[in-house]
Each structure stands twice: as C-alpha cells, then as structure tokens.
Amino acid sequence: MTVTYFPGETLEKFLDTLEKATDRDVQVVIADNASTDGAPEKAARRENVKLLSIGENVGYGTAANRGVAELDDSYGWVVVVNPDLEWEPGSLDALLEVAERWPRGGAFGPLIHDLDGTVYPSARLLPSFGRGIGHAVFGKIWPGNPWTRQYRQETGTPVERTAGWLSGSCQLFRREAFDSVDGFDTRYFMYFEDVDLGERLSRAGWLNVYAPSSSVMHIGGHSTSQASEKMLRAHHDSAYRYLADRHRGLLWKPVMLAVKAGLALRLKLETRKK
C-alpha cells in the first residue's frame with residue numbers, strides 16, 4: 001500500500017514498475033491524504049488498485065495504518081511504500097526471498113538509491129541520546145562527524161544484515177509483526193514514525209532486516225516539497241517526541257527543555273534559509 005499527497009505523475013511510474021517487480025499477483029491500496037491533482041483517481045482505474053480517500057491530511061503513519069487495514073487477514077505480507085519510488089525488475093520478489101531466510105524478520109528494507117545512483121543509508125542504528133544530538137547538531141555543518149557516520153551506518157559495500165530501523169520509504173512487513181505492535185504510532189504526523197516502529201518491532205522480538213539484494217530508486221521529496229516549511233516543523237516536532245517518549249521523569253526534564261530549545265533554534269535557522 002502507498003500513501004499519497006499530490007503524487008503527480010510519479011504514481012503512474014510507481015505502478016508501471018511494480019508490474020515488473022514481482023511475478024505474483026498484488027493488490028495495491030492507495031491511502032490518499034486529500035490530494036486534488038487527480039492522480040490517485042486515475043491510478044484507481046487499474047484493475048488491481050483500490051483507492052481509500054481519507055478526505056484530510058492525517059499524516060503518513062495514520063494513513064498507512066488505514067491502508068493496511070483495508071487488506072484482510074489473508075495477506076500475510078504487506079509493503080508500505082512511498083509513491084515517488086520506482087521498482088527495479090524483480091525487486092519485490094528478491095525482498096520476499098530474503099524474508100524466507102529470516103523467520104523472525106518483521107520488517108525488510110531494500111537498497112534504496114537516488115536518481116544518480118547514490119545509495120541512501122536506509123538501514124541505521126537507533127538514535128541514542130548522544131548519537132541523536134550529535135547528528136542533529138553537526139549533521140549539516142560537518143557531514144563526516146563520528147555521530148552521523150555511526151548513526152547512518154555507511155560502512156562501504158551494502159550487506160544483508162539486521163538494523164535498528166529501516167527507511168519508511170519502502171518496507172516489506174510480515175503482517176503478523178506489523179499487527180502485533182499496532183502498526184505506526186499515529187502521534188507522528190511525519191518523520192520518525194519509521195524509527196519508532198523499528199524500535200517497537202525489536203522490543204516485540206522481531207528483526208529489522210536490510211536486504212540490498214533488492215533495489216529500488218527513490219525520487220524523494222515530491223509530496224513534501226508542497227509544504228517544505230511545514231515539513232521541517234513536523235520533522236523537529238517528531239524528533240522531540242521520539243526523545244521525550246524515551247527520556248521521562250524529573251531528572252530528564254531539564255535536559256529535555258534544553259533539547260526543545262535547541263531544536264527550536266535549529267528550526268528557526270533552517271526556515272530562515274527558505
């Protein structure tokens with residue numbers, strides 16, 4: 001299933017390439033967050049596509065959960081994927097082949113590359129407090145800093161392995177695993193919902209598995225470019241929520257106040273550039 005918000009022409013390319021990604025029959029659910037560009041309705045004319053019109057922009061995780069709920073229990077595997085993505089031939093079948101080797105795997109993520117072939121670091125460690133702050137503070141001005149390098153897990157040739165979390169732009173879920181943790185946390189409007197889900201799957205005894213034998217291309221930023229300042233704000237809000245949920249109590253309050261102030265300053269500087 002895919003979540004759409006003004007997907008434009010990318011949605012048609014997504015569906016066209018999906019046809020070559022697997023030999024299996026697939027059912028596509030489009031959970032649409034009140035697009036008015038006509039793209040979801042056009043896509044729904046296809047025989048294997050179902051459109052769920054939500055009627056408002058409820059965010060990524062909430063829409064994804066509603067889309068998955070449209071599929072009955074006979075679907076043992078569910079893919080949650082962005083519509084601005086193109087499948088490589090056989091990529092979905094390759095992802096399922098990896099899943100067969102990991103019986104405790106709950107989520108599987110392919111290798112994701114950009115238009116120019118650059119591999120995106122889509123399988124990462126969970127952002128511990130120190131690592132997360134180091135990455136947030138220095139990631140933009142000092143890309144090679146040790147916190148960012150450790151967090152992003154850019155370790156040369158991609159290999160099949162477990163990860164703390166996988167990019168939400170394309171994940172194959174074991175339906176049993178997804179349902180066992182009630183899917184995405186709907187408090188996250190956008191961003192960090194994939195980080196949070198990866199951690200909750202791990203706590204429930206499931207594995208997040210990076211599967212670079214499967215490859216997809218992510219155009220990226222198509223829908224979020226519609227409201228970039230709003231998305232920046234959502235990113236900072238989600239970052240704070242993620243850390244605050246995991247650092248509760250009186251002893252952490254002064255620290256979290258400082259984090260909130262730091263994120264607010266970072267947001268101000270980022271939006272000033274727009």
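The values are calculated or read from the model by the stated rules, or taken from the named source; none is laboratory data. This is a predicted model, so every value here is computed, not measured. Cβ sites come from the backbone with ideal geometry, for glycine too, and all protein chains shown count toward neighbours. Only protein heavy atoms, including side chains, enter the accessible area calculation; ligands, DNA and RNA are left aside. Shrake-Rupley method; radii C 1.70, N 1.55, O 1.52, S 1.80 Å.
Some points to look at:
- Rg to Rh quotient for segment 2-223, alpha carbon positions, Kirkwood Rh: 0.95
- Within straight-line reach of LYS230, meaning a Cα separation under 13 Å, sit the following aspartates and glutamates at least 8 residues removed in sequence or on another chain: GLU270.
- Here the extension length gained between GLU19 and GLU100 equals 27.0 nm, from 0.36 nm per residue of separation less the Cα-Cα distance.
- Bridge type composition, the chain - antiparallel percent by DSSP, nearest 5: 50 percent
- Estimated at 0.36 nm per residue, the fully extended path between ARG272 and ASP116 surpasses their Cα-Cα distance by 53.3 nm.
- Extension gain for the segment ASP93 to VAL255, taken as residue separation times 0.36 nm less the Cα-Cα distance, is 53.7 nm to one decimal.
- Rg/Rg_ref, segment 1-49, where Rg_ref = 2.2 N^0.38 Å and atoms are Cα: 1.09
- Packing rank of 245-254, 107-116, where each peptide gets the mean count of other beta carbons within 10 Å, highest leading: 107-116, 245-254
- The coefficient of translational diffusion for segment 16-78, derived via Stokes-Einstein from the alpha carbon Kirkwood radius under 25 °C and 0.890 mPa s, stands at 193 µm²/s.
- Where labels lie 7 Å past Cα in the beta-carbon direction, separation of TYR75 and ASN48 in nm: 1.2 nm
- Positive dipole terminus of the chain, leading residue within VAL58, ALA39, VAL78 (C-beta point charges): VAL58
- 10 Å beta-carbon shell around ALA39, net charge (K/R +1, D/E -1): -4
- Value of Rg/Rh across segment 163-274 [Cα atoms, Kirkwood radius]: 1.01
- Protein accessible area in segment 226-273, 1.4 Å probe - carbon and sulfur %: 60 percent
- When you restrict to C-alpha pairs under 8 Å that are six or more residues apart and normalise by the size of the chain, the relative contact order lands at 22 percent.
- Over 26 Å (Cα to Cα) - which of LYS13/LYS50; LYS13/LYS268; LYS20/LYS50 fall in this group: LYS13/LYS268
- Cα-centre dipole for segment 226-273 with unit charges at Cβ (Lys and Arg positive, Asp and Glu negative), debye to 20: 80 debye
- In the chain, taking the dipole from charged Cβ atoms about the Cα centre, the farthest positive-side position among LEU111, ALA258, GLY168 is held by ALA258.
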